[in-house]
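Asker: First the structure, then my questions, so here it is.
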Amino acid sequence: MIEGLRLAVTLLTAVPAGTARVDRGTARTAMLLAPAAGLIPGGAAALVLLAGGLLGLSALLAAVLAVAATAAATRALHLDGLADLADGLGSGRPAAGALAVMKRSDIGPFGVVALLLALLVQAAALASAPHPAAAALVAAAAGRLALPWACRTGVPAARPGGLGALVAGTVGTRAALLATAAVAAAAAGAGAAAGGPGGAIHSAAAVAVALASALAMLRHAVRRLGGVTGDVLGALVEIAATAALVVLAARP
């Protein structure tokens, strides 16, 4: 468990957590604990939002700084995955060609548009959320809940090497369901603390929509690419977190 958490923090954040054992068993635990690791970037965003309120910053400025803090806490790895996946799928090439596009170090027009839209939507949603600090925490956990589902048994890796090959197919469906129940319960608790019973329902709904959005993109990516890669996993995190923030921005 400790090694899995250490690997999750190492893979998903910029926080140094020491050298973790790297094998498929540890990778399975890391993917199941990914939502917990998400509390690091989510917590960074929440702290920025709270500090912005104390300093009298506008809601939009505080939200932009919070999104920047999240990117810094993850070294923008998930955003990079989103851009690469958008370029690969947007190229219209067969799987091998799309994967080659995703491996390039540059960024194409589809990637630029995807990044801009994601960052703008995230900042706008945080700025208009009734409880922005709680929304940042819930969205961070909900976004990373996509990972155990993307790594569940039956989802192949698109390449023989890399992060996708390490984690693909390591998580059983039952374990993914248990992780989902835990995240939904934690999100409901955070929502209840911030906004009462209505906040609990709102936060649980955000988790459900986030997971549904990620699963829809996962299905499309697997159909087009033949499986998952590290870029696909990162993109799913951003898509799910963004979807959760949109739900949380809606007035309950």
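Asker: Just to check your reading of the model, which residue among V232, V207 is over 17 Å from A133 (Cα atoms), out of contact with any Ser or Thr (no Cβ under 6 Å at 6 or more places or on another chain) and at pLDDT 95 or above?
Answerer: Just a single option satisfies the conditions, and that option is V232.
Asker: Does the stretch 121-132 hold any residues that are farther than 20 Å from L82 by Cβ and open to solvent by 20 Å² or more (accessible area, probe 1.4 Å), and which are they?
Answerer: Of everything in the stretch 121-132, those that are farther than 20 Å from L82 by Cβ and open to solvent by 20 Å² or more (accessible area, probe 1.4 Å) turn out to be A127, S128, P130, H131, P132.
Asker: Another question, if that's okay. For the stretch 163-189, give me each residue that is crowded, with 22+ Cβ neighbours inside 10 Å, at pLDDT below 95 and of a type in the set (G, A, S).
Answerer: Hits for the stretch 163-189 are G164, A168.
Asker: Cβ contacts < 8 Å: first residue in contact (Cβ under 8 Å) with a residue 40 or more places away in the chain and among the aromatic types (F, W, Y), restricted to the stretch 106-130; second residue assigned to a helix (DSSP H, G or I) and open to solvent by 20 Å² or more (accessible area, probe 1.4 Å), any location; separation 6+ or different chain. Result?
Answerer: As it stands, the answer is none, since no pair meets every condition given.
Let's see how each residue does on (1) outside any helix (DSSP H, G or I); (2) closer than 22 Å to L77 by Cα:
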residue	(1), (2)
G154	yes, no
A165	no, yes
R174	no, no
L178	no, no
A182	no, no
A192	no, no
P197	no, no
I201	no, no
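Asker: To continue, here is another question. When you go through V237, V222 one by one, which is the residue that is buried (at least 23 other Cβ atoms within 10 Å of the Cβ) and either among the β-branched types (V, I, T) or in contact with a Phe, Trp or Tyr (Cβ under 7 Å, 6 or more places away or on another chain) (or both)?
Answerer: Just one listed residue meets the conditions, V237.
Asker: Residues that are among the hydroxyl-bearing types (S, T, Y) and over 14 Å from the mean Cα position of the chain (by Cα): find the helices (runs of 4 or more DSSP H) completely inside the stretch 19-83 holding 1 or more of those.
Answerer: Those helices (runs of 4 or more DSSP H) span 24-32.
Asker: Here's another thing I want to ask about it. Taking the condition of being buried (at least 16 other Cβ atoms within 10 Å of the Cβ) and in a helix (DSSP H, G or I), how many residues in the stretch 96-120 meet it?
Answerer: So the count comes out to 10.
Asker: Quick check on the stretch 194-201. Is at least one of its residues crowded, with 17+ Cβ neighbours inside 10 Å and among the β-branched types (V, I, T)?
Answerer: Among the residues of the stretch 194-201, not one is crowded, with 17+ Cβ neighbours inside 10 Å and among the β-branched types (V, I, T), which makes the answer no.
Asker: Another one. Being at pLDDT 95 or above and either open to solvent by 20 Å² or more (accessible area, probe 1.4 Å) or in contact with a strand residue (DSSP E or B) (Cβ under 8 Å, 6 or more places away or on another chain) (or both) is the requirement here; does L147 meet it?
Answerer: no
The values are calculated or read from the model by the stated rules, or taken from the named source; none is laboratory data. Since this is a predicted model, take the numbers as computed values, not measurements. As a convention, Cβ positions derive from the backbone with ideal geometry for all residues, glycine included, and neighbour counts pool all protein chains shown. For accessibility, only protein heavy atoms count, side chains too; no ligands or nucleic acids. Shrake-Rupley method; radii C 1.70, N 1.55, O 1.52, S 1.80 Å.
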